[in-house]
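> There's a structure below that I have some questions on.
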Amino acid sequence: MEVALKLAYENARRTGRSQKPKFLSLAGAYHGDTVGAVALGHIDRFRKAYSGLLFKTDTALAPYCYRCPFNRAKPERADARQYRKCNWECLGQLEKKFEAQKRKRNPYAAFVFEPLMQGAAGMIAQPQGWLNRAAGIARSHGAQLIADEVMTGFGRTSSGLPLTRSLIHSPAPPLSLFACHREAVQPDFMALAKGMTGGYLPLAATLTTQAVFDAFLGRYDEFKTFFHGHSFTGNQLGTSAALASLELLQSPASIRGRRNLEQTLANELQTLWPLATVGDIRQEGLVAGIELVKNWRTREPFDVRERAGTRVCDFMGERGVLTRPIGNVIVLMPPYCTTAHQVRKMVAVLREAVGRFSSEAQ
């Protein structure tokens, strides 16, 4: 993300779009811990302590259907994206941001987002069509797109094959490994990591377009080179592991396995709805967020001092299932080697832990 930010910043200057490039990202965004990436984020616990080091970035309303101020729907026992009642006001707010910046005669250089699912924001899953429309708004204002696929990439948000659930659709080519392509969005910058090597070795990459690449070409004495590098850049062992991982990911057996796991996870998550403290369940592929509330009929959140998410995860740890909360949201991200039996155990233990917590909280 730091590389994407620097490239987009300098590209905007070199192409004449802006001499003081600005960036727009989503409320609740998290894009990393280096200084530029922290500036793109909007979670106080990661940002506030370093505010004196950071440049200003603007925020747009995230499409958080379950807690959206524009969603007029009453709570149901389903993913809030499925029963929402709104007029895409979140996209209207995004359009207003671009228009306001345009009037300042300094249009945004880029729009930054995690596609389909915002992780550290609380596993906020975007409704179908939001990403495609948001990207269209940004493009119409001349802004480039920076996609943070560190969490969502390499099949995490979908096997690439359509599921039986109406929630997930795949307008993109079926073997795409990236969340952006689920909504037919091709960004100008894509940040990748984690899934590249399956976690065996640390490796990250920033992809961009030929047009951006060409902006950094020139004669030696023009010094147009992108001056950015680290001691371990281009590590041969890491890239070899990535190639082996990619070969496995794209094999027919791996695709079938992920698809089956996604369906198993979707089926098992349905068993959580009878729990009164489960307010929303959001799933994209093999990543899910289960939001805990005091009562599902009111959406009233637990106070941070009640440590709802932490206590549930502690209970799960006692039963051999290790995961983490993001506030009151429990995260399930089973690795691709997980068996169907293990997925069922994960959800069964979560169900037991939520029930135990609910009994203690009464």
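> What number, in nm² with one decimal, is the all-direction average of the projected area of the convex hull of the alpha-carbon atoms of the chain?
19.5
> Ok, one more. Cross-link partners among lysines for LYS22, C-alpha distance below 26 Å, same-chain residues fewer than 8 apart left out?
LYS6, LYS48, LYS56, LYS96, LYS97, LYS102, LYS104, LYS224
> In the chain, if the dipole is taken from +1 on Lys/Arg beta carbons and -1 on Asp/Glu beta carbons about the Cα centre, which of ALA288, MET196, HIS230 is farthest to the positive end?
ALA288
> Pick out which of ALA205, ALA37, ALA100 has the largest mean-square fluctuation in a Gaussian network model of the chain, springs linking Cα atoms closer than 10 Å.
ALA100
> Right, next: For the pair ARG307 and ASN106, how long in nm is the line joining their label points, each one 7 Å along Cα→Cβ?
It is 4.5 nm.
> A follow-up question, please. Say R0 is 45 Å: what FRET efficiency, to the nearest 0.05, do ARG324 and ASP221 get from their beta-carbon distance?
0.30
> Also, quick follow-up: Check the straight Cα-Cα distances from LYS74 and name the lysines below 18 Å, setting aside those fewer than 8 residues away within the same chain.
Reachable lysines: LYS85, LYS294.
> Where is the GNM fluctuation largest for the chain (alpha-carbon springs, 10 angstrom cutoff): SER245, SER51, SER231?
SER231
Computed from the coordinates by the stated procedures, all read-outs in this text should not be read as laboratory data. Bear in mind the structure is a predicted one, so any value in this text is a computation, not a measurement. Glycine gets a Cβ as well: all are built from the backbone with ideal geometry, and neighbour counts include every protein chain shown.
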